[in-house]
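Trainee: Just dropping this structure here.
The values are calculated or read from the model by the stated rules, or taken from the named source; none is laboratory data. Just so you know, these numbers come straight off a predicted model, no measurement behind them. Here the Cβ positions follow ideal geometry from the backbone for every residue, glycine too, while neighbour counts run over all protein chains shown.
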Amino acid sequence: MCGIVGAVAQRDVADILLEGLRRLEYRGYDSAGLAVIREANNLVRLRRVGKVQALSDAMIDPLPGGTGIAHTRWATHGEPNERNAHPHISHDEIAVVHNGIIENHEQLRVQLQRAGYVFESETDTEVIVHLIHASLKETDSLVTAVKTAVSQLRGAYGAVVVDSRQPDRMVVARSGSPLVIGLGIGENFVASDSLALLPVTRQFIYLEEGDVAEITRTEVVIEDASGKVVDRPAQESSASYDAGNKGEYRHFMLKEIYDQPQAVRNALESRLADDHVLEQSFGAQASEIFANVKHVQIVACGTSYHSAMVARYWMESLANIACSVEIASEYRYRKPIVPEGSLLVTISQSGETADTLAALRMARHSGYLATLAICNVGASSLVRESDLAFMTRAGVEIGVASTKAFTTQLVGLALLVLAIGQHQNLNALLLEEMIAALKSLPEQLEQTLLLAGEIEKLAEEFADKQHTLFLGRGDQYPIAMEGALKLKEISYIHAEAYAAGELKHGPLALIDEDMPIVVVAPNNELLEKLKSNVEEVRARGGLLYVFADRDARFISDDTMRVINLPHTHPWMAPIVYTLPLQLLSYYVAIIKGTDVDQPRNLAKSVTVE
């Protein structure tokens with residue numbers, strides 16, 4: 001979940017490394033560092049706690065050198081401090097940066113200490129650099145030493161290694177943590193995300209699981225997990241990196257909230273006919289697979305899990321297919337019974353979420369009909385390792401708290417429901433109605449965003465609150481969960497969500513004048529039931545904030561603030577009602593003065609367990 005950048009070039013690379021790290025700041029991190037091989041094979045390392053800018057400010061003098069590696073760290077082993085920051089070095093010769101977790105690091109640490117190695121950090125990463133140094137006592141080949149070292153590792157790693165005695169090369173190894181090689185002219189690069197390298201190249205090679213590669217200025221040699229030299233094709237990126245430009249917006253999160261109408265248009269483009277979903281959007285074999293689906297199992301984490309919960313309502317109500325949803329970190333440690341004809345659907349913004357990937361890999365041996373990934377990153381492990389894939393086309397999302405990635409996931413899931421429903425005798429008129437509702441969705445979102453000023457004023461009433469309760473019913477219950485997650489992520493207010501019908505079973509005990517109650521209330525078949533739940537809250541002195549369909553007939557008074565939303569097709573309401581909750585969380589966070597784009601303790605792409 002951290003950031004890696006490396007370069008071997010004929011020019012000084014320190015500025016390239018720093019710019020690459022800046023472009024990876026969206027992932028979340030607590031420290032940053034770099035190491036450069038200078039003249040006379042001198043390895044120089046610089047590390048700082050905090051932002052990349054602190055590292056840049058520490059470079060008072062130029063740091064010349066054509067080979068170097070850099071890293072932003074999110075603490076897993078050892079507290080966030082300079083001693084634990086990457087790169088880690090051994091005997092002032094070998095330097096390594098690493099993403100992932102080495103599960104057997106304690107045993108390896110004891111083994112290396114017995115061999116005379118002194119550890120300077122609390123990290124699991126430091127065992128890697130000492131293992132490589134020890135291996136180099138038996139060989140002059142850095143590649144061989146890295147292969148020997150990683151063969152002893154258990155866990156996940158994306159690692160880049162340099163040796164000051166061999167200043168013209170880097171060696172990289174990938175197992176469970178993504179790495180991409182960027183190709184230049186007389187120079188080559190490596191990173192954990194191609195976005196970091198867009199200023200210097202558009203040609204990329206995506207490493208596969210188990211790959212080890214030696215990179216020099218003029219050559220890239222890749223060996224697969226079996227040790228065979230392989231030719232991985234280069235791909236040209238058409239990505240337009242605008243992550244460094246918030247435009248007119250104060251924060252990336254706000255920009256990405258306003259990106260959503262266009263992001264939804266992109267997600268729908270070329271995927272809908274007038275009367276059916278184009279199933280090829282999910283892959284060449286989608287029609288054949290969907291025709292045989294009898295059960296859907298969805299696995300995801302965090303925000304993606306909430307989108308999966310919405311999809312369960314849709315799948316069972318519209319496609320008449322049984323659907324199960326589970327958190328990936330729980331699913332991967334169960335021994336699930338897989339019904340005949342089950343499709344496994346995994347959802348991840350990055351496609352590198354460790355628990356979701358583990359669930360997918362476990363599914364290969366569990367008897368699933370097929371696997372489908374819903375993801376925003378086409379070159380990700382999740383997409384490459386799935387039978388089918390739906391790309392959400394949300395564009396780069398920088399804010400740690402997901403916004404447009406979530407809503408485009410919901411769009412993808414809606415299309416999946418309809419695509420499977422086409423094989424389950426879904427009523428043709430209902431199918432056309434749903435397609436029309438999806439096509440009108442971007443305009444609905446644009447109308448909803450016009451409420452931002454009203455929501456900003458509403459947010460002022462949360463300034464002194466410590467707790468908030470979110471309520472929803474049916475497919476709005478997961479949206480209430482998503483609203484609570486957003487508020488706690490970026491404003492640090494404790495928030496939780498309940499299905500409104502559960503109020504009598506405990507949550508009513510929490511209701512008082514200091515507990516705001518946020519309600520999502522579209523005009524659907526559960527509206528009257530929801531109104532009864534609202535009255536339960538009012539009778540106990542709770543202050544309500546209701547986001548309601550303009551036709552739902554809620555009226556503001558001293559105990560209830562009502563924000564009227566445009567009338568929305570009931571099946572599209574979960575997507576539309578997400579936006580005002582995002583805006584509420586954003587404006588509350590602004591009032592609280594928190595770090596909206598990079599909230600404390602969180603990372604964008606969770607590539608460790």
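Trainee: When only residues in region 152-177 that are assigned to a strand (DSSP E or B), at negative phi and at pLDDT below 95 count, which is surrounded by the most Cβ atoms within 10 Å (Cβ to Cβ)? Even if it seems obvious, please write down each step before you answer.
Mentor: Within region 152-177, the first condition is being assigned to a strand (DSSP E or B), and the residues that meet it are 155, 157-163, 169-176.
Then drop every residue that is not at negative phi, which leaves 157-163, 169-175.
If we keep only those that are at pLDDT below 95 too, we end up with 157-158, 174-175.
Details: 157: 22, 158: 25, 174: 29, 175: 20.
Ranking the qualifying residues of region 152-177, first place goes to 174.
Trainee: If you don't mind, another one. How many residues are touching a residue at least 24 places away in the same chain (Cβ under 8 Å) and among the acidic types (Asp, Glu) when one looks only at region 538-567?
Mentor: So the answer is 2.
Trainee: While we're looking at this one, here's another question. Report yes if residue 482 is outside any loop (DSSP other than H, G, I, E, B), under 18 Å from residue 582 (Cα atoms) and at pLDDT 95 or above, otherwise no.
Mentor: Yes.
Trainee: Between a first residue in region 327-341 that is closer than 16 Å to residue 364 by Cβ and a second residue that is surrounded by 10 or more Cβ atoms within 10 Å (Cβ to Cβ) and of a type in the set (Val, Ile, Thr), which pairs have beta carbons less than 6 Å apart while being 6 or more apart in sequence or on different chains?
Mentor: Every condition considered, the pairs that remain are 328/299; 328/356; 331/299.
Trainee: Report those strands (runs of 3 or more DSSP E) wholly inside region 1-57 carrying at least 1 residues which are without any contact (Cβ under 8 Å) to a residue 60 or more places away in the chain.
Mentor: Of the strands (runs of 3 or more DSSP E) lying wholly inside region 1-57, those with at least 1 residues that are without any contact (Cβ under 8 Å) to a residue 60 or more places away in the chain span 31-38, 42-49.
Trainee: Still on this structure: Of the numbered conditions (1) out of contact with any Lys or Arg (no Cβ under 6 Å at 6 or more places or on another chain); (2) under 19 Å from residue 131 (Cβ atoms), residue 104 satisfies every one except a single condition; which is it?
Mentor: With (1) out of contact with any Lys or Arg (no Cβ under 6 Å at 6 or more places or on another chain); (2) under 19 Å from residue 131 (Cβ atoms) applied to residue 104, the lone miss is (1).
Trainee: Given the structure, is residue 277 surrounded by 12 or more Cβ atoms within 10 Å (Cβ to Cβ), at pLDDT below 95, of a type in the set (Val, Ile, Thr) and touching a helix residue (DSSP H, G or I) at 6+ places or on another chain (Cβ under 8 Å)?
Mentor: It is true that residue 277 is surrounded by 12 or more Cβ atoms within 10 Å (Cβ to Cβ), at pLDDT below 95, of a type in the set (Val, Ile, Thr) and touching a helix residue (DSSP H, G or I) at 6+ places or on another chain (Cβ under 8 Å).
Trainee: Does residue 461 satisfy the criteria of being outside any loop (DSSP other than H, G, I, E, B), surrounded by fewer than 19 Cβ atoms within 10 Å (Cβ to Cβ), at pLDDT 95 or above and touching a Pro at 6+ places or on another chain (Cβ under 9 Å)?
Mentor: no
Trainee: For region 383-438, which residues satisfy the criterion of being touching a strand residue (DSSP E or B) at 6+ places or on another chain (Cβ under 8 Å) and free of Cβ contacts under 8 Å to residues at least 24 places away in the same chain?
Mentor: If the condition is that a residue be touching a strand residue (DSSP E or B) at 6+ places or on another chain (Cβ under 8 Å) and free of Cβ contacts under 8 Å to residues at least 24 places away in the same chain, then 391 is the only one that fits.
Trainee: Sort out which residues of region 332-341 are touching a helix residue (DSSP H, G or I) at 6+ places or on another chain (Cβ under 9 Å) and modelled with pLDDT of 90 or more, and write them in order of number.
Mentor: Correct list: 338 only.
Trainee: Scan region 254-270 and give yes if some residue there is over 24 Å from the mean Cα position of the chain (by Cα), among the aliphatic types (A, V, I, L, M) and more than 30 Å from residue 25 (Cβ to Cβ), otherwise no.
Mentor: Scanning region 254-270 turns up no residue that is over 24 Å from the mean Cα position of the chain (by Cα), among the aliphatic types (A, V, I, L, M) and more than 30 Å from residue 25 (Cβ to Cβ).
Trainee: Another question, then. Only one of 508, 579 is outside any strand (DSSP E or B) and either crowded, with 22+ Cβ neighbours inside 10 Å or not aliphatic (A, V, I, L, M) (or both). Can you tell me which? Write out each step before concluding.
Mentor: On the way: 508 fails: either crowded, with 22+ Cβ neighbours inside 10 Å or not aliphatic (A, V, I, L, M) (or both).
Only one candidate passes the filter, namely 579.
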